[in-house]
Amino acid sequence: AEIGGTCLNWGCIPTKTLKSSAEALETAGRLKDFGIAAEGADDSVSFKADMEAIVARKERVRKVLCGGLEKTCSALKIRVVHGTAELGSDKTVLVHTQEGTEEIKSDSVIIATGSSILDLPSLPVDHKHIINSDDALDLDHVPEKMVIVGGGVIGCELAFIYRAFGAEVTIVEGMDRLLPVPSVDKDMSKLLQREAKKHRIKVQVAKTVKSAEVMDGKVRCVLGPSPFVENAKGGETTIEADVVLVAVGRTPNTDGLSLAGAGVETDERGWIKADMNMRTSAEGIYAIGDILGPSRVMLAHVASHEGLCAVDNCFGKERSLDYSAIPSGIFTSPEIGTVGLSEQEAVEKGFVVRSQVFQFRELGKAQAMGELAGMFKIVCEKESGKILGAHIAGAHATDLIAEAGLAIEKGLTAADVAHTIHAHPTLAEGLYECCEAWLRGC
């Protein structure tokens with residue numbers, strides 16, 4: 001395997017590279033909206049997705065970044081050993097390589113083996129008609145019809161990408177909304193479902209795929225009411241697609257590690273248990289990243305900070321990680337950025353809250369850009385105005401969320417942000433306007 005893990009090779013970077021191509025294609029289709037006309041006899045021009053070129057560009061970007069990591073390791077005198085690791089006794093790691101087994105002794109071990117795509121027995125992946133998210137990054141054509149099983153982050157991102165490329169897309173989600181995770185505010189889910197409809201993406205919530213059969217080069221999917229939603233309505237229906245993309249979760253990469261033999265405890269699903277110092281149940285062995293599972297936050301930037309935390313503790317600094325102000329970016333159309341608590345989470349934790357919304361279309365910069373879809377939402381403690389959570393949907397939302405993350409990290413109030421002068425005309429004004437509106441009680 002190449003250095004860089006899931007994020008660089010099969011996740012964050014490849015999908016965002018494809019999204020950049022999708023956005024370029026969508027912008028090309030709107031050139032007339034910006035007063036750009038084509039020259040020629042018929043005064044028209046058309047564009048389409050060249051998947052071979054798009055995938056080649058994705059690979060170039062990936063290899064540049066992989067090369068950068070290798071150079072950084074070399075500069076820091078970090079030795080990289082390619083092989084399969086197994087935990088031995090007394091903080092020893094056995095690395096099985098093509099040349100044999102190498103025994104590496106250490107004072108501390110950090111496990112960062114990550115996660116892999118979860119396979120569903122009812123939807124066996126053949127990598128041609130029924131594919132996973134890794135396969136979706138390397139398709140050599142745009143399917144005419146695509147069904148995406150799973151309306152989480154990965155499923156929604158790929159839905160908007162392939163719709164922009166020209167596919168007819170249907171999302172099937174077992175819960176009652178898109179992005180059905182506690183940290184994503186329900187208002188963001190509602191907005192995204194409306195935007196999906198505008199993009200002509202079909203959404204089937206509270207439904208699951210009961211079976212899928214490949215016949216004559218097509219996949220026939222039988223949908224039924226979801227067992228995960230109480231009183232889910234409707235009977236069984238059948239839809240047909242050229243490709244079914246399964247995007248329903250992750251599973252831990254622990255095969256061959258011999259965790260039990262090393263005294264490293266896991267939960268019932270195989271995720272490694274660790275405290276907030278990243279220490280596992282085995283002395284001197286730490287774990288970071290996806291291998292800690294969904295009880296933590298499975299994001300690359302979180303793994304990086306978990307790594308820094310673990311290293312500090314390896315050297316006796318007694319550092320723990322605070323997960324209360326972790327931003328996340330969802331690269332749909334529009335983008336979604338979240339940090340802190342959703343409104344529902346805040347209420348469930350016993351806070352008395354008052355929320356405020358400000359619409360993207362009210363910003364001058366958004367009008368100038370032609371990017372009107374979106375909103376800013378803050379969740380504040382009612383009495384103090386302390387910001388508990390912030391949620392942004394719209395152009396560059398994944399960049400804009402950083403300011404809100406800093407505000408939550410430092411315990412700032414809506415007044416603190418509202419009294420900070422923001423440049424005009426910018427999209428960043430939206431958070432200021434939202435906080436100012438909260439103060440006015442609008």
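The values are calculated or read from the model by the stated rules, or taken from the named source; none is laboratory data. As the structure is a computational prediction, the values presented were derived from the model and not from experiment. Here Cβ is always computed from backbone atoms with ideal geometry, including for glycine, and neighbour counts include all displayed protein chains.
For every residue, the table says whether it meets (1) among the hydroxyl-bearing types (Ser, Thr, Tyr); (2) touching a helix residue (DSSP H, G or I) at 6+ places or on another chain (Cβ under 8 Å).
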residue	(1), (2)
LEU18	no, yes
SER21	yes, yes
ALA28	no, no
VAL45	no, no
ASP50	no, no
ILE54	no, yes
LYS58	no, yes
ARG62	no, yes
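Regarding ALA423, is this residue in a strand (DSSP E or B) and more than 21 Å from VAL347 (Cα to Cα)?
No: the conditions fail for ALA423.
Here is a yes/no grid of residues against (1) crowded, with 23+ Cβ neighbours inside 10 Å; (2) within 21 Å of GLY11 (Cα to Cα); (3) of a type in the set (A, V, I, L, M); (4) modelled with pLDDT of 95 or more:
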{"site": "HIS141", "(1), (2), (3), (4)": "no, yes, no, yes"}
{"site": "LYS145", "(1), (2), (3), (4)": "no, no, no, yes"}
{"site": "CYS156", "(1), (2), (3), (4)": "yes, yes, no, yes"}
{"site": "ILE171", "(1), (2), (3), (4)": "yes, yes, yes, yes"}
{"site": "GLY174", "(1), (2), (3), (4)": "no, no, no, yes"}
{"site": "LEU179", "(1), (2), (3), (4)": "yes, yes, yes, yes"}
{"site": "MET188", "(1), (2), (3), (4)": "yes, no, yes, yes"}
{"site": "GLU195", "(1), (2), (3), (4)": "no, no, no, yes"}
{"site": "ALA206", "(1), (2), (3), (4)": "no, no, yes, yes"}
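So is GLU236 touching a strand residue (DSSP E or B) at 6+ places or on another chain (Cβ under 6 Å) and either among the charged types (D, E, K, R) or in the same structural domain as THR338 (by TED's automatic domain parsing) (or both) or not?
yes
For LEU308, are the conditions met, namely being in contact with a Phe, Trp or Tyr (Cβ under 8 Å, 6 or more places away or on another chain), without any contact (Cβ under 8 Å) to a residue 40 or more places away in the chain and not in a strand (DSSP E or B)?
Criteria not met by LEU308.
Determine, yes or no, whether GLU345 is over 27 Å from LEU18 (Cβ atoms), assigned by TED's automatic domain parsing to the domain that holds LEU388 and acidic (Asp, Glu).
yes
Give region 397-413 a look and list any residue that's assigned to a loop (DSSP other than H, G, I, E, B) and either among the aromatic types (Phe, Trp, Tyr) or surrounded by 20 or more Cβ atoms within 10 Å (Cβ to Cβ) (or both), or say none.
Of everything in region 397-413, nothing turns out to be assigned to a loop (DSSP other than H, G, I, E, B) and either among the aromatic types (Phe, Trp, Tyr) or surrounded by 20 or more Cβ atoms within 10 Å (Cβ to Cβ) (or both).
Return the only residue of GLY307, GLY270 being of a type in the set (Gly, Ala, Ser), surrounded by fewer than 17 Cβ atoms within 10 Å (Cβ to Cβ) and either under 20 Å from the mean Cα position of the chain (by Cα) or at pLDDT below 95 (or both).
Being of a type in the set (Gly, Ala, Ser), surrounded by fewer than 17 Cβ atoms within 10 Å (Cβ to Cβ) and either under 20 Å from the mean Cα position of the chain (by Cα) or at pLDDT below 95 (or both) holds for just one of GLY307, GLY270, which is GLY307.
Out of region 358-373, which residues are part of a helix (DSSP H, G or I) and of a type outside the set (A, V, I, L, M, F, W, C)?
ARG361, GLU362, GLY364, LYS365, GLN367
Examine region 250-257 for a residue that is β-branched (Val, Ile, Thr), assigned to a loop (DSSP other than H, G, I, E, B) and buried (at least 23 other Cβ atoms within 10 Å of the Cβ), and state whether such a residue exists.
no
Counting only residues that are more than 27 Å from the chain's Cα centre (by Cα) and under 9 Å from LYS365 (Cβ atoms), which one in region 414-437 is surrounded by the fewest Cβ atoms within 10 Å (Cβ to Cβ)?
HIS424
Within region 336-357, which residues are surrounded by fewer than 24 Cβ atoms within 10 Å (Cβ to Cβ) and not in a loop (DSSP other than H, G, I, E, B)?
Result: GLU343, GLN344, GLU345, ALA346, VAL347, GLU348, VAL353, ARG354, SER355, GLN356, VAL357.
Pick from GLU26, GLU86, GLU52: which is modelled with pLDDT of 95 or more, in the same structural domain as GLY284 (by TED's automatic domain parsing), not in a loop (DSSP other than H, G, I, E, B) and not β-branched (Val, Ile, Thr)?
Sole residue among the options that is modelled with pLDDT of 95 or more, in the same structural domain as GLY284 (by TED's automatic domain parsing), not in a loop (DSSP other than H, G, I, E, B) and not β-branched (Val, Ile, Thr): GLU86.
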